[in-house]
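Input: a single structure, listed below in structure tokens.
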Amino acid sequence: MMRLHEAGYTALYAGGCVRDRLLGKAPHDYDIASSARPEEVQKLFPKTFAVGAHFGVIIVLQDGFEFQVATFRSDGAYIDGRRPEGVVFSNPQMDAERRDFTINGLFFDPLKNEVIDYVGGRADLDAGVLRAIGNPEHRFREDRLRMLRVVRFSATLGFEIEPGTWKALLENVRHIHEVSAERIREELVKMFLSPARVRAYELLDQSGLMREVLPEIAALKGCEQPPQFHPEGDVFTHVRIMLGLLPETVSVPLVFGVLFHDIGKPATYTVDETGRIRFNGHDKVGAEMAETLMTRLRFSRVEIDATVSAVANHMIFKDVQKMRLSKLKRFMARPGFDEELELHRVDCQSSNGMLDNHVFIQAKQEELKNAPIIPEPLITGRDLIALGLKPGPRFSELIEAVKDRQLEGTLASHEEAMEWLKAEMS
């Protein structure tokens, strides 16, 4: 900031960092709005990246920190529902008036220790109100992603959406498909990783955005469940309660595993001869749907695989107390198991309240904590070859049989395993 000022340019902190500072929160990043043109910023600082020079945006690396320095501007017409076709470098007031919501249109002058407010953002911040700057219809038309952003800000800040802004949101939700899948995904991730995820879930539903961007979740509304196991109500309600039972800090596979774990229920809904509602195979159907959905939203392969695994395996927990020890150990040793266990916990707590399987697993984890759940194998294929066996189906069966007995504790050493093999092959 000082270097810009000393060079004769106006430089103000802008947007989210000002908002967060006024709310008493630590800003995640610092954006600077300045009268300096992009090429002038690059001359002043040795380490810069021109990430959006056409729009007046330069990233400056200084003292281990990253700052986004943007030239005061006003925007031309928006032709793609995302970015203007051109910009005109302008002044602080015009720059503020092109932004999305009043609470994001504030500037702070560090030299004067003064908040600069051209759009009424300070009053809305004090009142806890989210209001589009100017005409909300125009703001949403300029960048359709703002419809998801207003929901996220409302949820995470606990602010009410001003009626005119809300009305414009309701009237424009169908246009959210003009936004790229990647940008939609990023907003959804920010919402559901936030501790305010339940409020985000409700606002997505009330606005109609849920129906547009997550129709598989919207379809859970009205999907009734057997009351003896799910007294809380339909599947949509069940998921909302689960979200509220999660810890504040969650991962993408855990929170999206919760969101998607029952999306296969509407497609598998049946009523048997006794009148009981059943969802046979909903875990498998749901896993396939989750993979399709997350692929559509351009999640990473790692996130997709972990979430799909959580959905596919969430019904297996009901059988853990009946499993052979070898099978249970294999189940527990899988990557992501702890998050799947957490999904199981909130699944039970949000419905029947029966946590006996969760308690059983926790006890088993404590019992096994001092050694690897899956130890190094007692034998290898070379041992079988040494005994005269050629690779083939029997080969794999014997290796697995030894592994099962090792996990069960009936074989504890290489010597014992070899003796067992000799007897089995004789």
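FYI, it's all coordinate maths here, none of it is from the lab. Worth saying up front: this structure is predicted, and the values here are computed from it rather than measured. Neighbour counts run over all protein chains shown; Cβ positions are idealised from the backbone, glycine included.
Using θ = phi - 60° and the Karplus curve 6.51 cos²θ - 1.76 cosθ + 1.60, what whole-Hz ³J(HN,Hα) does each residue of region 89-95 get, with Gly and Pro shown as x?
5, 9, 9, x, 5, 5, 5
Check which residues have an amide H placed less than 5 Å from Glu232's amide H, if you skip close sequence neighbours.
none
Using modelled amide H (1.01 Å from N, peptide plane; none on Pro or chain starts), what sits under 5 Å from the amide H of Leu130, excluding residues fewer than 5 places away?
Glu160, Ile161, Glu162
Can you tell me which of Ser35, Ser154, Ser413 moves the most in a GNM of the chain? Springs connect C-alpha atoms under 10 Å apart.
Judging by the Gaussian network model, the answer is Ser413.
Quote the charge dipole size of the chain about the Cα centre in Debye, to the nearest 20; the model charges only the Cβ of Lys and Arg (+1) and of Asp and Glu (-1). Show your work: numbers first, answer last.
Values: 54 positive and 64 negative charges, 79 e Å.
Rounded to the nearest 20 debye, it is 380 debye.
Output wanted: per-residue J couplings in Hz (rounded whole) for region 133-149, from phi through Karplus 6.51 cos²θ - 1.76 cosθ + 1.60, θ = phi - 60°, x for Gly and Pro.
Whole-Hz 3J(HN,Hα) from phi for region 133-149: 6, x, 7, x, 4, 5, 4, 6, 6, 5, 9, 4, 5, 4, 5, 6, 5.
Work out the charge dipole of region 247-358 with +1 on the Cβ of Lys and Arg and -1 on the Cβ of Asp and Glu about the Cα centre, then indicate which of Cys348, Leu325, Ser251 is farthest towards its positive end.
Selected residue: Leu325.
Starting from the 7 Å offset along Cα-to-Cβ, what nm value, one decimal, do you get for the label separation of Arg174 and Glu186?
2.8
With a sphere of radius 12 Å drawn around the Cβ of Ala123, what net charge do the other residues whose Cβ falls strictly inside it have (Lys, Arg +1; Asp, Glu -1)?
-2
Of the options Asn280, Gly15, Pro136, report the single residue whose Cα projects farthest towards the positive end of the charge dipole of the chain (beta-carbon charges: Lys, Arg +1; Asp, Glu -1).
It is Pro136, whose Cα lies furthest towards the positive end.
With θ taken as phi - 60° and the coefficients 6.51, -1.76 and 1.60, list the Karplus ³J(HN,Hα) couplings across region 248-254 in order, rounded to whole Hz; mark glycine and proline as x.
Those phi angles translate into 4, 9, 9, 9, 4, x, 5 Hz.
Could you sort out which of Lys318/Lys364; Lys190/Lys221; Lys284/Lys322 sit more than 18 Å apart by Cα distance in this structure? Provide the component values of the computation, followed by the final result.
On the way: Lys318/Lys364 15 Å; Lys190/Lys221 23 Å; Lys284/Lys322 21 Å.
In this structure, Lys190/Lys221; Lys284/Lys322 lie more than 18 Å apart at Cα.
When only C-alpha pairs under 8 Å and at least 6 residues apart count, what is the relative contact order of region 128-213, in percent? Show your work: numbers first, answer last.
Details: 94 pairs, mean separation 30.8, N = 86.
With pairs under 8 Å counted, the relative contact order is 36 percent.
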